[in-house]
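The next block holds one structure in the form of structure tokens; read it before the comments.
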Amino acid sequence: MVQGGHFYEFCPVSSDEGDSLTIYDEDRNRIPAYWDMDQQCFVAQDDALKELKFDSYMDSGTQNLLMQYQDITWEFVKANGSPQFVYINFYKRGDEIRTADSVLKGYEKLFTGRGYIWGRAIPLLKEHILVGSGPDTFVEEFPQQDYVMKANTGRWMLEQIPSKAHSLYLQSALQTGILSLLCLLIFWGSYAVSSVRSLKQKKDSSFFAVDAVILLSVTAFLFMGLMNDSNLAVSPLFWGMLGLGCAMKKTDFSR
């Protein structure tokens, strides 16, 4: 375990006399840990570990180690003959804790946790410049084992499995490739430019209001896409209105 930039080794022991916990620092110095009767947990006599609470017990031949920090309890188990402990996640499955590549460090809580998701998703783009991971594969591509930073963001983040990028553009780049996103941006941009030019030329047309409403609706959807994914309930309406807007540029309504 790494805490405060230092490495610690935990050695719980269960015997007929009871359970005990021995802690060593990176220099193999023993850190005393005593059982607190009031809190019903082990407390380490070390400044870097003073906010942590520990418990250790043997259950059906499996050594269990619990570590609590604030309102989150971390559970680890080690079966007989196993060289190390395995983390038990919120879904009661054994898993490995990993540190994911990230950007936006320090801004994980931005926009209700979107900063964390964006910060871990952006580094994945380097693997999907031409070809994406495939539709609806974000949950498989995202580093779900980044448990420590999930917990630092909030218990609510630790207890969920991010399945969306919460950004239409970021999700498109990951699932269909950056090249695909560029094509979409060019298409949307060309529509917006042609619509503005068209509106300037037909201010007196009876279809001016229709064209303007379509442009504003499309723009609002694309702006919303900065922090939200493509919504199944709204997307068909968006693409339908976008298609209608494109068709109006090629049709003469003056007659």
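FYI, it's all coordinate maths here, none of it is from the lab. Predicted model only: the values in this text are computed from it and were never measured. Here the Cβ positions follow ideal geometry from the backbone for every residue, glycine too, while neighbour counts run over all protein chains shown.
Seen against the Cα atoms of the chain and their longest principal axis, helix 178-201 is set at about 40 degrees. Rounded to the nearest 10 degrees, the inclination of helix 235-249 to the longest alpha-carbon principal axis of the chain is 30 degrees. Contact order for segment 2-95, expressed relative to its length and based on alpha carbon pairs under 8 Å spaced 6+ residues apart, stands at 15 percent. Between residue 249 and residue 213, the simple spin-label model (points 7 angstrom out along Cα→Cβ) gives 2.1 nm.
Any chance you could list the semi-axes, whole Å, largest first, of the equivalent ellipsoid that the Cα gyration tensor gives for segment 79-204, using √(5λ)? Don't skip to the answer; put the middle values down first.
Values: eigenvalues 318, 52, 24 Å².
Equivalent ellipsoid semi-axes, largest first: 40, 16, 11 Å.
If Rh is defined by the Kirkwood formula over all Cα pairs and Rg also comes from Cα, what ratio Rg/Rh do you get for segment 31-81? It would help to have the intermediate numbers written out before the result.
Details: Rg = 11.8 Å, Rh = 11.8 Å.
Expressed as Rg/Rh, it is 1.00.
Taken one residue at a time, the phi angles of segment 86-102 give Karplus couplings (6.51, -1.76, 1.60, θ = phi - 60°) of 10, 6, 9, 7, 4, 9, 6, 10, x, 8, 9, 8, 10, 9, 8, 4, 8 Hz. Gly and Pro are set to x.
How would 99, 176 line up from fewest to most surrounding beta-carbon atoms within 10 angstrom?
Values: 99 12, 176 18.
Least crowded to most crowded, the residues run 99, 176.
Pairing the Cα long axis of helix 208-224 with the longest principal axis of the chain, what angle in degrees results, from 0 to 90 and rounded to the nearest 10? Helix 208-224 sits roughly 10 degrees off the main axis of the chain.
Below 23 Å Cα-Cα, how many Lys pairs turn up in segment 130-255? Only count pairs eight or more apart in sequence, or on different chains, if you could.
On the way: 150/164; 200/249; 200/250; 202/249; 202/250; 203/249; 203/250.
Eligible lysine pairs with Cα atoms under 23 Å apart amount to 7.
Extending 7 Å from the Cα toward the beta-carbon at both residue 105 and residue 139 defines two label points whose distance is 3.1 nm.
The relative contact order of the chain comes to 10 percent, based on Cα pairs under 8 Å that sit 6 or more residues apart. Each principal axis of the Cα cloud of segment 110-176 was taken in turn, and the coordinate range along them, longest first, works out to 35, 21, 18 Å. Annotation for segment 58-131: trypsin sites (Lys or Arg not before Pro) lying in DSSP loop with at most 15 further Cβ atoms inside 10 Å of their Cβ are 92, 93, 98, 105, 109.
Suppose R0 equals 35 Å. What FRET efficiency, 1/(1 + (r/R0)^6) with r the Cβ-Cβ distance, do residue 39 and residue 163 give to the nearest 0.05? Can you show the working numbers first?
Details: r = 37 Å, r/R0 = 1.07.
The value I calculate is 0.40.
Mind jotting down a quarter of the surface of the convex hull over the alpha carbons of segment 2-95, in square nanometres, one decimal? Could you put the intermediate results ahead of the total?
Values: hull surface 27.6 nm².
With the hull built on Cα positions only, its mean projection is 6.9 nm².
In this Cβ point-charge picture (+1 for Lys and Arg, -1 for Asp and Glu), the chain has a dipole of about 2240 debye about its Cα centre.
Report the longest stretch of the chain that contains none of the GluC sites (Glu not before Pro) sitting in a DSSP loop with at most 13 other Cβ atoms within 10 Å. Provide the component values of the computation, followed by the final result.
On the way: sites that count: 17, 26, 51, 96, 159.
By the stated rule (loop sites, at most 13 other Cβ atoms within 10 Å), 160-255.
For Cα extents along the principal axes in Å, the candidate list reads (1) 71, 49, 33; (2) 57, 46, 33; (3) 97, 33, 32; the entry that matches the value derived from this model is (3). If you run the Gaussian network model on the chain, springs between alpha carbon atoms under 10 Å, then out of 151, 233, 173 the most flexible one is 233.
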